[in-house]
Amino acid sequence: MTYLIQGDTGDWEVVIGLEVHAQVVSGAKLFSSAATAFGAEPNTQVSLVDAAMPGMLPVINGFCVEQAVKTGLGLKAKINLHSVFERKNYFYADLPQGYQISQYEYPVVGEGTVTLDLEDGSTHEVGIERLHMEQDAGKSMHDQDPRRSFIDLNRSGVCLMEIVSKPDIRSPEEAGIFLRKLRSILRYLGTCDGNMEQGSMRADVNVSVRKPGEDLRTRAEIKNVNSVRFIMQAIEHEAERQVEVWESGGEVVQETRLFDAHRGETRSMRAKEFAHDYRYFPDPDLLPLDINQAYVDTIEEKLPELPDDKKQRFMDELGLSAYDAGVLVAEKETADYFEAVAEGRDSKLAANWVISNLFGHLNAAGKSISESPVSAQSLGQLLDLLKADTISGRIAKNVFEIMFETGGDPETIVEEKGLKQITDTGAIEAIVDQVIADNPDQAQQVRDGNDKTIGWFVGQVMKASQGKANPQVVNKLLSDKLKT
Ligand code: MN
């Protein structure tokens, strides 16, 4: 599974660390009561604090603190009871304060872990270095007017969690798995919606290369990549670029680079600034954030079941394979859907139907589980019909097709289309007799000991009954009539 780049001087290993900015789910901003809804008219969700009017005082939003602590607990991380907000000074048009309120030396969350489930069924732990809270900046809009740029401050002051991983990631694939897993944990927790298209989760990627066994070499940082696929592509291109630089006798410099998705390359944006360039200092408008253990414990008690625990429970209590359990818990919506289908039913049957049939149809239709035309309740009803032998497995698949196309209810579909399984032996026997009578040559072949032909007869009878004959009854009748 090791990912190596073959260079002229031998193999190179890739070392990756991610800094993920995750927007906190909260109705109000980190230090003001302005709203945070995505897609609002520009500059309609801006308080005087967010616009950095002179003399305004930031007031911390307790709910954002709770969300950050909750996230820390979900990342199995150390919660720091004492943390400090500092000013990170830099000039940018969309940052009216001239600084971002962030946490630097004393973040609210310390070291934690994210467990990756790899393709081959093994796991890989990626360390979390820290999580800190900070304000988001506004947004410059360059595409509204040919000559002027505009600034939308709606995002200014929205609470972000910056989650920094340790450099424990070794391939573009692992980076993708890490991001998906982190996003899944945040969604289970309800602390970030993980919507990368809307920018509520974006990543800065630190990449360096080295010969296996060497110490770390200089890294470059790729800024603000906003899709898992682009992040994986950016890593691949950047690692290959660095190998070329080293092998041609050059030196990789610490800098900030930009990923151009159209050209599939990274290019230099600016020389990397170092922490001292920002002249961090504690924000004199804000007291240190001191919380107590009882407060943390209260949040911990309310934590929902997270994907790793859910996966283990699906394996231990429902008897699912590690693979099936992993697939089902990967997204909270999927796990919820599956649990609703499996409730009071055969778990493995439910898992098979959700994974093979439902996911297959959703993928083909390009739909997500929340857009599924078949509700968990309807799928459950279909499984009940199957279990009660009202319909055969083959008919169930056809009914599912119709349900997926029309959103219809399985019982009504079975009723209206007359798909009920024929279990009445007399009715099936009549069809069996007819098929045998119509095919005397094949019947003779079976009598002569050709067992394959009996399968052909089963097919013919099923066809004649439009798939409605109970297959067990058909098999038994054919054996009785042809083999004795
Ligand atoms: Mn940041």
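Just a few scattered comments:
- Which listed residue, of Leu18, Leu48, is more than 30 Å from Arg210 (Cα to Cα) and either touching a helix residue (DSSP H, G or I) at 6+ places or on another chain (Cβ under 8 Å) or of a type outside the set (D, E, K, R) (or both): Leu48
- Within the stretch 115-138, restricting attention to residues that are open to solvent by 40 Å² or more (accessible area, probe 1.4 Å) and in contact with a Leu (Cβ under 8 Å, 6 or more places away or on another chain), the residue that is nearest to Tyr280 (Cα to Cα) is Glu125.
- Options Asp290, Asp277; residue that is in the same structural domain as Ile177 (by TED's automatic domain parsing) and either closer than 26 Å to Leu73 by Cβ or modelled with pLDDT of 95 or more (or both): Asp290
- Filtered by the rule that a residue be among the small types (Gly, Ala, Ser) and within 32 Å of the chain's Cα centre (by Cα), the stretch 36-90 gives Ala37, Gly39, Ala40, Gly62, Ala68, Gly72, Gly74, Ala77, Ser83.
- Some residue of the stretch 359-371 being on the phi > 0 side of the Ramachandran plot, assigned to a loop (DSSP other than H, G, I, E, B) and not basic (Lys, Arg): yes
- Filter pass, Gly39 being open to solvent by 30 Å² or more (accessible area, probe 1.4 Å), under 19 Å from Pro282 (Cα atoms), in a loop (DSSP other than H, G, I, E, B) and modelled with pLDDT under 95: no
- So Glu119, is it more than 16 Å from the ligand (Cβ to nearest atom), in the same structural domain as Tyr90 (by TED's automatic domain parsing) and at pLDDT below 95: yes
- Entry remark, the stretch 445-484: residues being open to solvent by less than 90 Å² (accessible area, probe 1.4 Å), among the polar types (S, T, N, Q) and outside any loop (DSSP other than H, G, I, E, B) number 5 in total.
- Restricting the stretch 96-114 to residues that are outside any strand (DSSP E or B) and surrounded by 21 or more Cβ atoms within 10 Å (Cβ to Cβ), the residue that is nearest to the ligand (Cβ to nearest atom): Pro107
- Tally of residues being open to solvent by 50 Å² or more (accessible area, probe 1.4 Å) and either in a loop (DSSP other than H, G, I, E, B) or hydroxyl-bearing (Ser, Thr, Tyr) (or both) across the stretch 306-329: 2
- Of all residues in the stretch 202-249 being of a type outside the set (D, E, K, R) and within 16 Å of the ligand (Cβ to nearest atom), the one that is most open to solvent (accessible area, probe 1.4 Å): Asn224
- Unmet requirement for Ala22, which otherwise passes all of (1) open to solvent by 30 Å² or more (accessible area, probe 1.4 Å); (2) within 16 Å of the ligand (Cβ to nearest atom); (3) touching a Cys at 6+ places or on another chain (Cβ under 7 Å): (1)
For every residue, the table says whether it meets (1) over 20 Å from Asn475 (Cα atoms); (2) open to solvent by 60 Å² or more (accessible area, probe 1.4 Å).
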| residue | (1), (2) |
| --- | --- |
| Ile391 | no, no |
| Lys397 | yes, yes |
| Met403 | yes, no |
| Glu415 | yes, yes |
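- Which numbered condition Gly74 misses (of (1) within 15 Å of the ligand (Cβ to nearest atom); (2) open to solvent by less than 30 Å² (accessible area, probe 1.4 Å)): (1)
- Residue that is nearest to the ligand (Cβ to nearest atom), among those in the stretch 85-95 that are open to solvent by less than 50 Å² (accessible area, probe 1.4 Å) and under 28 Å from Ile128 (Cα atoms): Lys88
- Hey, Leu81 closer than 30 Å to Leu320 by Cβ, open to solvent by 20 Å² or more (accessible area, probe 1.4 Å) and among the hydrophobic types (A, V, I, L, M, F, W, C) or not: no
- Selection within the stretch 145-170: residues that are in a loop (DSSP other than H, G, I, E, B) and not charged (D, E, K, R). The member of this set that is farthest from the ligand (Cβ to nearest atom) is Pro146.
- Neighbours by Cβ (under 6 Å, 6+ apart or cross-chain): first from the stretch 178-203, under 16 Å from Leu303 (Cβ atoms); second modelled with pLDDT under 95 and not in a loop (DSSP other than H, G, I, E, B): Arg187/Lys332; Tyr188/Lys332
- Across the stretch 115-128, the qualifying residues are those that are in a strand (DSSP E or B) and touching a residue at least 40 places away in the same chain (Cβ under 8 Å), and the one among them that is nearest to Asp324 (Cα to Cα) is Asp117.
- Taken together, the criteria exclude Leu349 from residues that are in contact with a Ser or Thr (Cβ under 9 Å, 6 or more places away or on another chain) and under 29 Å from Ala388 (Cβ atoms).
The values are calculated or read from the model by the stated rules, or taken from the named source; none is laboratory data. No experiment lies behind these values; they were computed from the predicted model shown. Ideal geometry is used to build each Cβ from the backbone, glycine not excepted, and the neighbour counts take in all protein chains shown. For the accessible areas, the whole protein counts, side chains as well, though only heavy atoms, and no ligand, DNA or RNA atoms are used. Shrake-Rupley method; radii C 1.70, N 1.55, O 1.52, S 1.80 Å.
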